[in-house]
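Asks: This is the structure, below, for whatever I ask next.
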Amino acid sequence: LDREGRVTEMYGRLDAAESALISKTGREVYGDDAVVHEEANRRALAGLPAIYDWTLNRRDRPPVQFQTSVAPLREPDGRISGIVGVTRDVTAAKETERRLASALGEADRANRAKNEFLSRVSHELRTPLHAILGYGQLLAQEDLDVEAADSVEHILRGGKHLLALINEILDISRI
């Protein structure tokens, strides 16, 4: 682009033949949508590079998303004589980003559901298990015959083992 923002050279094409764009400004090519281009061009003419995303809306085809990088074009003496820019089609990348964000949201929702489920299951399992262990400990303090004491000991060992398994599952799920 020259200092007035007119296309002077073009390699490749966006949506029109190259010859149709030579000597046109962004406003002539994009109409009111040229504001983003004009702002970036002003930055480049002030000596600052700019990178921006924009969408080309076409009548009979889906919109195309682009990313443009512009920088000042300097003469050997340092004077800014125009703008050099590179535009690339980022439609597929933007769609991938959108899908990735959606998948991440789904994964977050699934993780919250898993945590809520484990919290409820933990509570539902621990409450009766603590009751069983508590009653088992009370029974163990009684004067029981050998067979009954052995049965109570089995109940306590099994309950403690089950409680340890529940705690391990909850610890693993927190990782």
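The values are calculated or read from the model by the stated rules, or taken from the named source; none is laboratory data. This one's a predicted model, so the numbers in the text were calculated from it and none came from an experiment. We place every Cβ from the backbone using ideal geometry, glycine too, and count neighbours over all the protein chains shown. Note: areas computed on protein heavy atoms with side chains; ligands, DNA, RNA excluded. Shrake-Rupley method; radii C 1.70, N 1.55, O 1.52, S 1.80 Å.
Asks: Can you pull out every residue in segment 101-152 that is touching a residue at least 40 places away in the same chain (Cβ under 8 Å) and small (Gly, Ala, Ser)?
Replies: Scanning segment 101-152 gives a single hit, 122.
Asks: Does residue 152 satisfy the condition of being touching a Gly at 6+ places or on another chain (Cβ under 6 Å), within 28 Å of residue 2 (Cα to Cα), at pLDDT 90 or above and of a type outside the set (Lys, Arg)?
Replies: Taking the combined requirement at face value, the residue does not satisfy it.
Asks: For residue 171, indicate whether it is assigned to a loop (DSSP other than H, G, I, E, B) and open to solvent by 80 Å² or more (accessible area, probe 1.4 Å).
Replies: So residue 171 fails the test.
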